[in-house]
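Peer 1: This is the structure I have questions about; it appears just below.
The values are calculated or read from the model by the stated rules, or taken from the named source; none is laboratory data. These figures come from a predicted structure and were not determined experimentally. All Cβ positions, glycine included, derive from the backbone under ideal geometry; neighbour counts span all protein chains shown.
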Protein chains: 2
Amino acid sequence: MTDLKFEASMSEYLPLRDVVFNTLRQAILRGDLKPGERLMEISLANKLGVSRTPVREAIHKLEQEGLVLMIPRRGAEVAQITEKSLRDVLEVRGALEELAVRLACERMTERALGELNQAAEAFEKILGDSDITAVAEADVAFHDVIYMATDNQRLIALLNNLREQMYRYRVEYLKRRECHAQLLSEHQEIIAAITNKEVERAVEVTCRHIDNQVEAVSDTIRQL
Amino acid sequence: MTDLKFEASMSEYLPLRDVVFNTLRQAILRGDLKPGERLMEISLANKLGVSRTPVREAIHKLEQEGLVLMIPRRGAEVAQITEKSLRDVLEVRGALEELAVRLACERMTERALGELNQAAEAFEKILGDSDITAVAEADVAFHDVIYMATDNQRLIALLNNLREQMYRYRVEYLKRRECHAQLLSEHQEIIAAITNKEVERAVEVTCRHIDNQVEAVSDTIRQL
DNA sequence: GAAACTCTTTATTCATGCATATTTCATCCA
DNA sequence: TGGATGAAATATGCATGAATAAAGAGTTTC
């Protein structure tokens, strides 16, 4: 009993560098730190009440994630997202989403299929809400079930990362309520295809699902 | 004149953390550091004649690349490559190679096509050599031309990373001389397909090209 | 008035110190 | 003898100091 409690309290531990990493990541994705803005170790360390070391390590991690750009001996800044860089991300993401849904068709368990239906229902419920962030999270949860079903850790990690790259603009996309019905019907179509193991149909819907976002997010970027 | 020289000497500059990173990466890929072996900051720092800081930063970078596994408050060790983790990498790599060759068909310039032919010729010349490392590098160079033609930086970075994951076992594969002729003919078939913009044929050959490696590398791993 | 040069300021890079968590090994008890 | 307990050793995590390179301001010169 005490052991379990101990285990639990241990699992709560996060290195300070990861706390800082999450904080900065959120700040970038929420737009509090804008593209081009410089990330200075000392100033951030003071703001966050830690030393320069964990800030430094967090910035390096953000660089590898593609959220910040580092120039040696000059420092780091929040990465600009150009239409080109977004196209690059989405091309890769499209290919990997296709792979994911193929593998999901092949490997999805009954249990996971249940979760997928639940996630779709939860998404439908939340669509009515005014809170866009909640909608985005429900959508993420839905796709996470598919990702998990692939049973491919490397693929899951990459997809999570690529999804993150567009998060800033995705919220803008979801603000257009007229897309919501389409999103929902695509989700249901994906479920149907996976349930019946209709691989090609699942792939086709998924690609359409992604392409819609490409259009919308590209529009959003042009408006900046 | 002095300006040019100055520029040149500047471009030679590499942060110490990157030097250490490259050193450790090479050591892992060459097998000097074996899977499971612990990477200790102090001992590595002493061996390399630097302080713990750049070693620490290099290890973090290696973790993000997937070459080492870190456990908080315990340290880092060289990542084990299991058959499962290799399958994961190769599934992703297959999808991305397919994307790459599709994009290459679409976007390859005349100039790049010339380079591709050159690379294939260079590969053929080197096949005769006894130096396996040279063969591997020529093969890398060939595929790099295709990668570059995609004009997608994100894709290029990912493919380079995935290729690296298998480098240790790839060398074993190339030691089997009976595969060499097949490799060469596949290269030529890929060139022909890209030249004639026969996308589906190019994809088919590329997938076969990858699958052959899956087989061979899996065999190699089982023998460990 | 503009360009160039220098001096100052600022931030990164790398080194090192200190505290703490983990591991190991020896000792003790059942 | 086997397992548990505890103390010493060791390594990581975080903080901070010292050195260097880059950016900026102000002055000088053409």
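This table checks each residue for (1) under 15 Å from B:ILE81 (Cα atoms); (2) free of Cβ contacts under 8 Å to residues at least 40 places away in the same chain; (3) within 13 Å of DNA strand C (Cβ to nearest atom).
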| position | (1), (2), (3) |
| --- | --- |
| B:LEU14 | no, yes, yes |
| B:ASP18 | no, no, yes |
| B:PHE21 | no, no, yes |
| B:GLN26 | no, yes, no |
| B:GLY31 | yes, no, no |
| B:LYS34 | yes, no, no |
| B:GLU37 | yes, no, no |
| B:LEU44 | no, yes, yes |
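Peer 1: Of the conditions (1) surrounded by fewer than 17 Cβ atoms within 10 Å (Cβ to Cβ); (2) away from every other protein chain (no Cβ under 11 Å), B:VAL55 fails just one. Which one is it?
Peer 2: If we test B:VAL55 against (1) surrounded by fewer than 17 Cβ atoms within 10 Å (Cβ to Cβ); (2) away from every other protein chain (no Cβ under 11 Å), just (1) comes out false.
Peer 1: May I ask you to list pairs of residues, at least six apart or on different chains, whose Cβ atoms are under 7 Å apart, with the first in the stretch B:120-148 being assigned by TED's automatic domain parsing to the domain that holds B:LEU162 and the second being in a loop (DSSP other than H, G, I, E, B)?
Peer 2: B:VAL135/B:ASP129
Peer 1: Which one of these does B:LEU69 not meet: (1) farther than 30 Å from A:ALA95 by Cβ; (2) within 13 Å of another protein chain (Cβ to nearest Cβ); (3) at pLDDT 95 or above?
Peer 2: With respect to (1) farther than 30 Å from A:ALA95 by Cβ; (2) within 13 Å of another protein chain (Cβ to nearest Cβ); (3) at pLDDT 95 or above, B:LEU69 is out only on (1).
Peer 1: Given the condition of a type in the set (A, V, I, L, M, F, W, C), under 15 Å from the mean Cα position of the chain (by Cα) and within 14 Å of chain A (Cβ to nearest Cβ), answer yes or no: does some residue in the stretch B:131-151 qualify?
Peer 2: yes
Peer 1: Regarding A:ALA76, is this residue more than 10 Å from chain B (Cβ to nearest Cβ), surrounded by 14 or more Cβ atoms within 10 Å (Cβ to Cβ) and touching a His at 6+ places or on another chain (Cβ under 6 Å)?
Peer 2: Spelling it out, it is not the case that A:ALA76 is more than 10 Å from chain B (Cβ to nearest Cβ), surrounded by 14 or more Cβ atoms within 10 Å (Cβ to Cβ) and touching a His at 6+ places or on another chain (Cβ under 6 Å).
Peer 1: Suppose we keep only residues that are without any contact (Cβ under 8 Å) to a residue 60 or more places away in the chain, away from DNA strand C (no atom under 12 Å from the Cβ) and not charged (D, E, K, R) within the stretch A:58-68. Which one would you say is surrounded by the most Cβ atoms within 10 Å (Cβ to Cβ)?
Peer 2: A:ALA58
Peer 1: Next up: Here's a check for you: in the stretch B:20-74, which residue that is within 13 Å of DNA strand D (Cβ to nearest atom) and small (Gly, Ala, Ser) is farthest from B:ARG168 (Cα to Cα)?
Peer 2: It comes out as B:SER51.
Peer 1: Restricting attention to the stretch B:84-129, and to residues there that are of a type in the set (Lys, Arg) and within 10 Å of chain A (Cβ to nearest Cβ), which single residue is surrounded by the most Cβ atoms within 10 Å (Cβ to Cβ)?
Peer 2: B:ARG93
Peer 1: Okay, moving on. Name, by its number, the condition in (1) surrounded by 15 or more Cβ atoms within 10 Å (Cβ to Cβ); (2) within 18 Å of the chain's Cα centre (by Cα) that does not hold for B:ILE190.
Peer 2: Just one mismatch for B:ILE190, condition (2).
Peer 1: Restricting attention to the stretch A:26-47, does a residue exist that is of a type outside the set (Asp, Glu) and closer than 24 Å to B:LEU162 by Cα?
Peer 2: Within the stretch A:26-47, none of the residues are of a type outside the set (Asp, Glu) and closer than 24 Å to B:LEU162 by Cα.
Peer 1: Hey, could you check the stretch A:69-82 for residues that are in a loop (DSSP other than H, G, I, E, B) and within 23 Å of A:ARG222 (Cα to Cα) and say which is farthest from DNA strand C (Cβ to nearest atom)?
Peer 2: A:THR82
Peer 1: Any residue that is over 30 Å from B:ALA104 (Cα atoms), away from DNA strand C (no atom under 16 Å from the Cβ), without any contact (Cβ under 8 Å) to a residue 40 or more places away in the chain and assigned to a helix (DSSP H, G or I) - is there at least one of those in the stretch A:94-104?
Peer 2: no
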